[in-house]
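The values are calculated or read from the model by the stated rules, or taken from the named source; none is laboratory data. The structure presented is a predicted model; accordingly, all values stated were derived computationally and were not measured. Neighbour counts are summed over all protein chains in view; Cβ atoms, including those assigned to glycine, are modelled from backbone coordinates with ideal geometry. Side chains are part of the model used for accessible areas, which takes the heavy atoms of the whole protein and leaves out ligands, DNA and RNA. Shrake-Rupley method; radii C 1.70, N 1.55, O 1.52, S 1.80 Å.
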Amino acid sequence: MTDPAPLPVPTLSLVIAAYNEEDVLHILFERLETVMAGLGESYEIVCVNDGSRDRTAQILNAAHEADPRIKVIHLARNFGKELALTAGLDFATGKAVIPLDADLQDPPELIADFLRLWREGYDVVFAVREARDTDSWLKRTTAGAFYATLGRMSNVRIPANAGDFRLMDRRVVDALKQLRERNRFMKGLFSWVGFRQTSIPYRRPERAAGKTKFNYWKLWNFALDGITGYSTLPLRIAGYSGLIFALVAMIYGLFLLLRTVVLGVDLPGYASMMVAVIFMGGVQLVVLGIIGEYLGRMYDEAKQRPLYVVDSVKGLETPPLVAVA
Ligand code: UDP
Ligand code: MG
C-alpha cells in the first residue's frame, strides 16, 4: 500500500467560523467565488461549524460536495468564535491564511490588497475600520473606551479598531499555533507574535443577513479576556489603591487623635464610620474580584484541556499536529 500523494498546498486559505449562519452562507460562497476567481490564485476555504443548531452543517457539507476547495470542520459543540478560529488556523494549509467573518462584514474584495502587500514583503496585513458608522452609538463608545484602556495597560501594542480580518504569512500562523492559551483574545495573540505588519483602512459594512452572535455581556467578558490576558496592571492598581486608602486612614486617625486631645472626647460619628466601613468593604471585594479574574484564568490554563473538540471533518485528511496540545 502506498501513501496517497500529498495534496498540493494552496496559496490562500480562507478561514471562516460559522455559528448559526444559515441565512448568510449562500451569499458568502457566491461572493467569495467571484472574488477568488478574479484573483486567479489557488485557494481553499476552511469553514468551522462552531456547533451550530440550525442548518449550517448541512449547507457546509453540501458546499463541500459541490466544490472540494470548500473544507469543513465540525466542532463537537459551540466553543465560541476565538476557539473556532483557532481550529480553522490549525487545519489551514495555505501559504497565507485569511480569517474572515461569515456575515460578509469583512469585505472579501480587500483580499486583493492583502495579497499585493504580502507580495511586497509584509507578513501580516490587517484591515482597520476607518469609521464605525455602521455600529450603534453604545457599541462605538464602549469599543472606544475598551481600546483606550487596553492600549494604556498592555505591553503588547494591539491596534485599535482592527478585527480578525487580516492576511497572515505561513510563518506567522505557525508561530500563532504555538500559543495554546485557553482564554484567547485573538487580536492580542496576532500582535504578540510580531513580524512585519501593515494595515489598510476599510469601511465595515452591515451584516449581509442573519443576526449578530454577540451581546454586551459576551463583549464585556471578551474585554476582560483582552485586558487580563495582556496586562497585570489591574493587580498593581489594586495594591496601590490599598496603599492610598491606608495612608488616608492614617492621616485621618492622626487628625482624630489630635482633635480629641485638643477638644476633648466627642462621640458623634456613627454615620461617617458606617460610610467608611461599607466603602472599604466594597473596595476589598472589588480587589478580590480582580484577583479572582486572574486566578480563574490560571485555573483554566492549569487544567490543560484541549482548546476544542472536533466532531468530524470534510475534505481535510490530516489531523492537525496541535489539535490537542
Ligand atoms: N461566531 C462563531 N461562534 C460563536 C459566535 C460567533 O463562530 O459562538 C462567528 C459568526 O458565525 C461570525 C463571526 O463569528 O462568522 C462574527 O460573529 P458576528 O457577526 O455575530 O459578530 P459581530 O460582527 O456582530 O461582532
Ligand atoms: Mg458580524
Looking at the range 267-296, which of its residues are open to solvent by less than 90 Å² (accessible area, probe 1.4 Å) and not in a helix (DSSP H, G or I)?
-> G269
The lone exception for L7 - which of (1) surrounded by fewer than 15 Cβ atoms within 10 Å (Cβ to Cβ); (2) at pLDDT 90 or above it fails = (2)
Output for the range 107-127, where each listed residue is open to solvent by 10 Å² or more (accessible area, probe 1.4 Å) and within 16 Å of ligand 2 (Cβ to nearest atom) = P107, L110
Looking only at the range 18-30, count how many residues are open to solvent by 20 Å² or more (accessible area, probe 1.4 Å), under 13 Å from I45 (Cα atoms) and within 15 Å of ligand 2 (Cβ to nearest atom).
-> 0
Checked V46, V15 against criteria (surrounded by 14 or more Cβ atoms within 10 Å (Cβ to Cβ), among the hydrophobic types (A, V, I, L, M, F, W, C), modelled with pLDDT of 90 or more and away from ligand 2 (no atom under 16 Å from the Cβ)); the one match is V46
Elements of type helices (runs of 4 or more DSSP H) contained in the range 161-232, each with 3 or more residues being of a type outside the set (D, E, K, R) and within 15 Å of ligand 1 (Cβ to nearest atom) = 216-230
Is it the case that D225 is within 27 Å of the chain's Cα centre (by Cα) and open to solvent by 50 Å² or more (accessible area, probe 1.4 Å)?
-> no
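Residue-by-condition table, conditions (1) farther than 30 Å from I16 by Cα; (2) open to solvent by 30 Å² or more (accessible area, probe 1.4 Å):
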| site | (1), (2) |
| --- | --- |
| R170 | no, yes |
| G188 | no, no |
| F195 | no, yes |
| R207 | no, yes |
| G210 | no, yes |
| R236 | yes, yes |
| A246 | yes, yes |
| G253 | yes, yes |
| V265 | yes, yes |
For the range 71-125, the count of residues that are more than 11 Å from ligand 1 (Cβ to nearest atom), in contact with an Asp or Glu (Cβ under 7 Å, 6 or more places away or on another chain) and free of Cβ contacts under 8 Å to residues at least 60 places away in the same chain equals 1
Quick count over the range 205-237, residues being more than 15 Å from ligand 2 (Cβ to nearest atom) and among the small types (G, A, S), is 4
Hey, can you tell me all the residues within the range 57-106 that are part of a loop (DSSP other than H, G, I, E, B), farther than 23 Å from V128 by Cα and open to solvent by 40 Å² or more (accessible area, probe 1.4 Å)?
-> P68, R69, A76, R77, N78, T93
